[in-house]
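J.: Structure incoming, see below.
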Amino acid sequence: TPANAGAGNHTLIYSFTNTQGCSNSDTAFTTVYSEPIANAGTDVTIKTNHDTILYGNATGGSGNYIYNWSPSSLVLNSLAQNATTVLLQNTTLFTLTVQDQVSGCSGTDDVQVKVKGGLLHMNPMAQPDTICAGASSQLDALAGGGTGAYNYIWVSNPAGFTSTSASPVVNPTVSTTYFVQINDGVTCIVDSVR
């Protein structure tokens, strides 16, 4: 099949024989496009109430891309390849989606903008936040502010999961709420994500 052959132009030859032993064949042509590989750049740290530029790039596909940053409310132009954020107060995970204008195929990548200074804060999230039983989801505390030296403790309800990682991977079999406590050596805060 073309998918097994990889990206490029392919000729398909269909051959068949009916119950009376008569044979026939036909030829079709198809193009298989490679998905673009999005690159949202490296994680950055900024001071509270400052902005930064998100540098997007992509490879693969036709090279003719549409860029889209989310959350769109936190960038000045979500459709710019290199987007400037608004003045940020909280650590935020930005997602770059790159769509190939020729094939319609798309790819995504994330970049974290960590906000330092000001009050200790977090914005916990799960990606994806809806999964099938036993599938994987990536948790992220998205901590910012405070001293910048963070210690994490994750627990779950129903019980059974604990972690001290900033971004643990979970495989719940039922709907689960994950609680995270962050301590920066001065302040301790708790939040949750479901």
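J.: If you average the sequence gap of Cα pairs under 8 Å that are 6 or more apart and divide by the length of the stretch 14-84, what percent do you get for the contact order?
T.: 24
J.: OK, next. Can I get the semi-axes of the stretch 94-149's equivalent ellipsoid? Compute them from the C-alpha gyration tensor as square roots of 5 times the eigenvalues, in angstrom, largest first.
T.: 29, 18, 6
J.: I've got another one for you. Give me the number: length gained by fully extending N123 to S192, i.e. 0.36 nm times residue separation minus the C-alpha to C-alpha distance, one decimal in nm.
T.: Difference between extended and current length: 24.0 nm.
J.: Also: Report the residue, chosen from V111, V169, V180, that carries the largest GNM mean-square fluctuation when the chain is represented by alpha-carbon nodes joined by springs under 10 Å.
T.: Taking springs between Cα atoms under 10 Å, the residue moving most is V169.
J.: Return a whole-number percent for the relative contact order of the chain, with Cα pairs under 8 Å and 6 or more residues apart as the contact set.
T.: 15
J.: Still on this model: When Kirkwood radius over Cα pairs in Å is calculated directly from the model, which label among (i) 18.1; (ii) 19.8; (iii) 16.0 fits?
T.: (ii)
J.: In terms of modelled amide H atoms, which long-range or inter-chain residues lie less than 5 Å from the amide H of T91?
T.: Amide H neighbours of T91: V115, G144.
J.: Sort the stretch 101-184 into rounded, prolate or oblate with this rule: let a ≥ b ≥ c be the square roots of the eigenvalues of the Cα gyration tensor; rounded if a/c is under 1.5, and if a/c is not under 1.5, prolate when a/b is larger than b/c, oblate otherwise.
T.: oblate
J.: Still on this structure, I have one more. Let's test the formula: R0 of 35 Å, r as the Cβ-Cβ distance of N77 and A159. What FRET efficiency results, to the nearest 0.05?
T.: 0.20
J.: Turning to a different aspect of this structure: Order the following by accessible area, largest value first: I46, I182. Probe radius 1.4 Å; ligands, DNA and RNA are ignored.
T.: I46, I182
J.: Which of C105, C132, C22 moves most in a GNM of the chain, Cα contacts under 10 Å?
T.: Fluctuation is largest for C22.
J.: Report, in whole Å, the centroid distance computed from the Cα atoms of the stretch 43-110 and the stretch 122-139.
T.: The two parts, judged by their Cα centres, are 21 Å apart.
J.: Please compute the net charge surrounding Y65, taking Lys and Arg as +1 and Asp and Glu as -1 over other residues with Cβ under 12 Å from its Cβ.
T.: Taking every Cβ under 12 Å from that of Y65, the sum is -2.
J.: Now a separate question. For D191, D129, give me the order by solvent-accessible area with a 1.4 Å probe, most accessible first, ignoring ligands, DNA and RNA.
T.: D129, D191
The values are calculated or read from the model by the stated rules, or taken from the named source; none is laboratory data. These figures come from a predicted structure and were not determined experimentally. In this analysis, Cβ positions are derived from the backbone assuming ideal geometry, glycine residues included, and neighbour counts consider all displayed protein chains. Side chains included, ligands, DNA and RNA excluded: accessible areas come from the protein's heavy atoms. Shrake-Rupley method; radii C 1.70, N 1.55, O 1.52, S 1.80 Å.
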